[in-house]
Amino acid sequence: MPDRHSPETTSSGTGTPQPAAPTIGTLTWLRAVDHPELLADVTHAALLEWAASDPTVADKVFVAEIDPEVSDTAAMCEAYDITMTQSVNCVLVAGKREGVERTAAAAVRASSRADINGTVKSLLNVRKASFVPVDRAVTESSMEYGGISPIGLGKQWPVLLDDGAKAGWIVIGSGVRRSKITLPGVLLATMPRVQIISDLGVS
């Protein structure tokens, strides 16, 4: 019997296999590459580029429309029956060393928090690491606050992905507040400029 969180393959009328959406929460999941209207422009562009280099991506990344008023993690999980363990938050962080700024994006399960002044500070080799202010995060990511996604961030934001976020299907931001993306955590781990970090998320 298939895992309720794993998509099965169906067939079209022509007999061509079509990816079926995963069953995660109460949302209706659609193939993300086909729905740019539900993604930030930078997220859709990055997704197309990623899919061009790895054809499996197109059939494994899905998007679902949500009420933007419940885009924040806790509200979204409650509204759509998604667990905090399935949801993965992405935050932008920065710090300085000898006057030079170093930046990254930290992605951890919502059931934990990013160890900013432990693991992240050590990885960036800075005196202190801090969350990037909201206005700057929005401007430099070209995404909406509350919807920042690991997919579509510029080169100045290498993605640090907690090792614990690789298991199963995860729910991440889409770049906009009105939708969420789901994909296998192991797939996100293969995206260009993603580093897998042990103990990035702490309770």
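The values are calculated or read from the model by the stated rules, or taken from the named source; none is laboratory data. A quick note: this is a predicted structure, and the numbers were derived from the prediction, not measured. Neighbour counts run over all protein chains shown; Cβ positions are idealised from the backbone, glycine included. Protein only, heavy atoms only, side chains kept; ligands, DNA and RNA dropped before computing areas. Shrake-Rupley method; radii C 1.70, N 1.55, O 1.52, S 1.80 Å.
Brief remarks on what is shown
- Sum of side-chain charges, GLU144 neighbourhood, beta-carbon under 9 Å (Lys, Arg +1; Asp, Glu -1): +2
- Ordering 65-75, 148-158 by mean Cβ neighbour count within 10 Å, with the highest value first, yields 148-158, 65-75.
- Proximal charge balance of LEU200 [Cβ under 14 Å; K/R count +1, D/E count -1]: 0
- Basic side chains Lys and Arg get +1 at the Cβ, acidic Asp and Glu get -1 at the Cβ, and with that the dipole of the chain about its Cα centre reaches some 740 debye.
- Surface exposure of the stretch 30-202, expressed per residue as accessible area with a 1.4 Å probe, stands at 45 Å².
- Structure-derived semi-axes √(5λ) of the Cα gyration tensor in Å: which label, when the choices are (1) 29, 17, 16; (2) 35, 20, 15; (3) 29, 22, 17: (1)
- Radius 12 Å from Cβ of LEU161, net charge of other residues (Lys, Arg +1; Asp, Glu -1): +1
- Lys/Arg +1, Asp/Glu -1 at C-beta; the chain dipole; positive extreme among PRO184, GLY201, VAL61: GLY201
- Spatially proximal lysines relative to LYS180 (Cα-Cα < 26 Å; intrachain offsets below 8 disregarded): LYS60, LYS155, LYS166
- Share of carbon and sulfur in the accessible heavy-atom surface of the chain [1.4 Å probe, %]: 50 percent
- For the stretch 117-203, the dipole from Cβ point charges (+1 on Lys and Arg, -1 on Asp and Glu) about the Cα centre works out to 140 debye, to the nearest 20.
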